[in-house]
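Report on the structure given below.
The values are calculated or read from the model by the stated rules, or taken from the named source; none is laboratory data. What you see is a predicted model, and the numbers here were worked out from it, not measured in a lab. Positions of Cβ are generated from backbone atoms using ideal geometry, with glycine treated the same way; all protein chains shown enter the neighbour counts. Areas reflect the complete protein model, heavy atoms only, side chains present, ligands, DNA and RNA absent. Shrake-Rupley method; radii C 1.70, N 1.55, O 1.52, S 1.80 Å.
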Amino acid sequence: MAMLLNPLNRRHRLRDDIPVMPGAFPLVGHLPAIVCDLPRLLQRAERTLGSHFWLDFGPAGHLMTCVDLDAFAMLRSKDVSSALIEEIAPELLGGTLVAQDGAAHRQARDAIKAAFLPKGLTQAGIGALFARVIRARVQAWRDRGDVTILPETGDLMLKLIFSLMGIPAQDLPEWHRKYRQLLQLIVAPRVDLPGLPLQRGRAARDWIDARLRQFVRDARAHAARTGLINDMVSAFDRSGDALSDDVLVANIRLLLLGGHETTASTMAWMVIELARQPVLWDALVEEAQRVGSVPTRHTDLAQCPVAEALFRETLRMHPATTLLPRRALQELQLGQRRIPAGTHLCIPLLHFSTSALLHEAPDQFRLERWLQRTEPIRPVDMLQFGTGPHVCIGYHLVWLEMVQFCIALALAMQKTGVRPRLLSGVEKGQRYYPTAHPSMTIRVEFS
Ligand code: HEM
């Protein structure tokens with residue numbers, strides 16, 4: 001299949017002595033290929049141009065993409081800044097901690113990080129809360145017989161993240177729609193006209209923020225209520241340099257977004273892999289029967305190695321966050337090249353996650369990679385969550401909820417002797433950017 005590149009743009013150019021990938025379109029650059037066909041685009045660029053090349057992200061400009069593993073290590077360096085994230089998606093991520101550096105970043109992160117560690121999650125009873133919601137949902141799937149998987153997992157994840165935050169779960173489909181419009185802000189052309197993605201995205205952001213502002217006001221008014229928003233409000237109110245409500249609202253929006261799209265995609269991929277590989281399903285059912293119930297604490301997760309391996313291997317094959325942007329603050333040595341200060345960088349997590357440098361037979365889905373390993377998990381084994389000061393806050397939560405989901409699914413289905421089967425092809429409709437996900441239309445049957 002031809003790649004979505006501009007056949008009229010074949011000229012080989014250099015910027016700062018580094019090749020620019022040909023095939024960019026006016027205005028949108030390489031975005032069509034980045035969104036729909038990123039793995040092949042990266043492979044072709046590496047094959048034809050080497051380890052360093054420029055990709056054109058349309059409205060976000062050119063990013064120097066480096067497929068050398070040094071680029072991943074760069075995430076731990078003080079010589080790169082996350083402020084570029086805010087420039088790429090000002091309406092979406094402006095003022096959020098993911099786009100900040102140094103002390104400002106630490107202050108905002110410190111206000112929420114404890115709640116997301118195993119101890120905080122256990123104290124808040126999150127595992128038991130999630131187990132209830134997940135069990136009810138997978139039983140409903142079994143009773144219905146078939147589902148369109150991504151909208152279903154999207155809805156379930158939104159419900160979970162709302163319950164975690166202590167937000168009443170009303171109007172979930174509306175929130176879901178607003179988030180999709182919001183994400184379009186990352187790739188929307190900067191054309192400010194009614195009905196176009198830019199204005200729709202801004203309207204969605206205003207809709208979401210107005211509701212979050214109300215939740216913050218409610219949390220202040222009923223301080224006794226539990227939920228992460230309450231903890232965040234008190235932590236933010238306590239912090240020395242009192243942070244404004246705008247910062248609080250922006251960071252709650254970030255948490256909902258981070259905890260929703262990425263996990264919904266991973267969960268949908270897990271079901272798809274279980275449906276297309278019967279041996280995986282059999283191994284999972286065996287484990288679920290042995291364990292007997294959905295785990296609720298991190299200390300129980302060691303009893304579910306198959307479910308954990310499924311989670312890690314699914315995310316390795318289908319990382320939900322494919323690319324991370326950074327700006328070089330100093331001149332950097334990246335692989336064999338020196339990169340000038342000020343360069344905009346793209347760190348392709350997707351490339352490393354599926355790279356032969358890190359994994360034997362990287363294209364094969366192998367639970368044994370995880371089941372047979374003897375050393376502890378290293379940063380490169382969970383590179384899908386980033387590394388360094390911005391490493392994903394939600395990692396422990398995701399690990400718990402994915403294992404819970406696998407076990408709950410297997411227990412519910414084996415009760416009536418059914419298993420997941422694919423009703424549609426998987427190849428078409430996959431997306432890789434701004435977040436990656438399987439096709440919206442894939443249907444799975446339980447029979
Ligand atoms: C499969 C699911 C997930 C994946 C693959 C994922 C991936 C990532 C990655 C790659 C980063 C690093 C961003 C960077 O360095 O610029 C990140 C940061 C972050 N994630 Fe996740 N994430 C997931 C789930 C979650 C969940 C469930 C939450 C919260 C409920 C969450 C909240 C955050 C936050 C707040 C940050 C910013 C941390 C910081 O900048 O200090 N994520 N995530």
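Summary of values
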| read-out | value |
| --- | --- |
| All helices (runs of 4 or more DSSP H) inside region 229-333 with 1 or more residues being over 17 Å from Gln364 (Cα atoms) and within 11 Å of the ligand (Cβ to nearest atom) | 245-258, 261-276 |
| Boolean, Arg421 is away from the ligand (no atom under 14 Å from the Cβ), in contact (Cβ under 8 Å) with a residue 24 or more places away in the chain, closer than 28 Å to Ile252 by Cβ and not hydroxyl-bearing (Ser, Thr, Tyr) | no |
| Test: residue in region 169-184 that is open to solvent by 10 Å² or more (accessible area, probe 1.4 Å) and touching a Phe, Trp or Tyr at 6+ places or on another chain (Cβ under 7 Å) | yes |
| Pairs, first closer than 12 Å to Pro434 by Cα in region 21-35, second of a type in the set (Ser, Thr, Tyr) and assigned to a loop (DSSP other than H, G, I, E, B), C-beta under 6 Å, six or more apart | Ile34/Tyr433; Val35/Tyr433 |
| Number of the condition not met by Ala136 [criteria: (1) more than 13 Å from the ligand (Cβ to nearest atom); (2) modelled with pLDDT under 95; (3) aliphatic (A, V, I, L, M); (4) part of a helix (DSSP H, G or I)] | (2) |
| Scope region 358-375; condition part of a loop (DSSP other than H, G, I, E, B) and more than 23 Å from the chain's Cα centre (by Cα); matching residues | Glu360, Ala361, Gln372, Arg373, Thr374, Glu375 |
| Filter result for Cys406 (in contact (Cβ under 8 Å) with a residue 12 or more places away in the chain, in contact with a helix residue (DSSP H, G or I) (Cβ under 7 Å, 6 or more places away or on another chain) and over 30 Å from Gly292 (Cβ atoms)) | no |
| Condition check for Ala45: open to solvent by less than 50 Å² (accessible area, probe 1.4 Å), touching a strand residue (DSSP E or B) at 6+ places or on another chain (Cβ under 9 Å), assigned to a helix (DSSP H, G or I) and within 25 Å of Pro340 (Cα to Cα) | yes |
| Every residue from region 242-292 that is among the hydroxyl-bearing types (Ser, Thr, Tyr) and open to solvent by less than 10 Å² (accessible area, probe 1.4 Å) | Thr263, Ser265, Thr266 |
| Any hit, region 396-408, residues being at pLDDT 95 or above, more than 13 Å from the ligand (Cβ to nearest atom) and aliphatic (A, V, I, L, M) | yes |
